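The values are calculated or read from the model by the stated rules, or taken from the named source; none is laboratory data. None of the values given here were measured: they were computed from a predicted structure. For neighbour counting, all protein chains shown are included, and Cβ atoms are generated from backbone atoms with ideal geometry for every residue, glycine included. Quick note on the areas: whole protein, heavy atoms, side chains included, nothing else; ligands and nucleic acids left out. Shrake-Rupley method; radii C 1.70, N 1.55, O 1.52, S 1.80 Å.
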Amino acid sequence: MSDHYEWDLFERPRPDSGKGIWLLRHGINVLDPDKKKYGEWQPQSPLSAEGRKAIERVREVHMKGRQFALLRHSPYVRCEETAKIAVPDGKWEVMEGLAPRLPQVWDTVVLSQTPPISTSAELENKYPGLLQVEGEWMVKAIYEVLDRLPSGQEALLVGHQPLIGMARDLFKHKREGFDQSLPKGGIYRLGFSEHSNSYLNGDCLLPPE
């Protein structure tokens, strides 16, 4: 395994206790460089053929035999498609808190006129504090799910970067240099205590080859 993916792989949540939250990043999607077909934030951008095949492999390898008490996905099309491929017979619900909050709190016109931002570091430099806000937005959504999740059960949430990586780091009390190396189709699995919903440990599942 590449050094790029040296995460806390040995901090594995115990499946027989507490609660588990699976954070699945959507698969590879089709993006419109002119932002005209799918909109400024491209919420209607679908999975590509490659992306669909990759999530099918996630289903075969990581989802086989799994039972999830709650299933939620971002309202973006690529997340809905990812969700319904990963767990085809699941009772999925849309959760607004799994989508980026950026379009709601920042001036779209101003953002559209700025040069392209390719990394989380560039984003934080341009808009100080934004990553913290986005991460806390996702953490709030996770706690909402935890409050409804029965003890000993797990939930699967399908969402986006940078929210997933930032939320995970915030649970680990990391407040800067947010880890954004989770690839599309990758999963962070977070373990929480049974009674207090406090974070215990985490694991990473990479997309199958």
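The figures follow:
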quantity	calculated
Qualifying position, being open to solvent by 10 Å² or more (accessible area, probe 1.4 Å) and part of a loop (DSSP other than H, G, I, E, B), among 161, 132	161
Residues that are modelled with pLDDT of 90 or more and part of a loop (DSSP other than H, G, I, E, B), drawn from region 170-192	182, 183, 184, 185, 186
Members of region 164-209 that are touching a helix residue (DSSP H, G or I) at 6+ places or on another chain (Cβ under 6 Å), under 18 Å from residue 58 (Cα atoms) and open to solvent by less than 10 Å² (accessible area, probe 1.4 Å)	182, 185, 188
Cross-chain or 6+ apart pairs with Cβ under 7 Å, region 167-188 first and of a type in the set (Ser, Thr, Tyr), then in a loop (DSSP other than H, G, I, E, B)	188/182
Which numbered condition residue 121 fails, given (1) closer than 25 Å to residue 45 by Cα; (2) in a helix (DSSP H, G or I); (3) modelled with pLDDT of 70 or more	(3)
Total residues in region 88-103, condition touching a Phe, Trp or Tyr at 6+ places or on another chain (Cβ under 8 Å), outside any loop (DSSP other than H, G, I, E, B) and open to solvent by 20 Å² or more (accessible area, probe 1.4 Å)	2
Of all residues making up region 17-37, the number that are open to solvent by 30 Å² or more (accessible area, probe 1.4 Å), under 18 Å from residue 161 (Cβ atoms) and assigned to a loop (DSSP other than H, G, I, E, B)	3
Among (1) without any contact (Cβ under 8 Å) to a residue 40 or more places away in the chain; (2) in a helix (DSSP H, G or I); (3) open to solvent by less than 20 Å² (accessible area, probe 1.4 Å), the one test that residue 85 misses	(1)
Residue 109, sole failed condition from (1) modelled with pLDDT of 70 or more; (2) assigned to a helix (DSSP H, G or I); (3) more than 25 Å from residue 181 (Cβ to Cβ)	(1)
Region 47-64 residues that are open to solvent by 40 Å² or more (accessible area, probe 1.4 Å), paired with ones that are in a helix (DSSP H, G or I) (beta carbon under 8 Å, 6 or more apart)	52/81; 52/85; 56/85; 59/85; 59/86
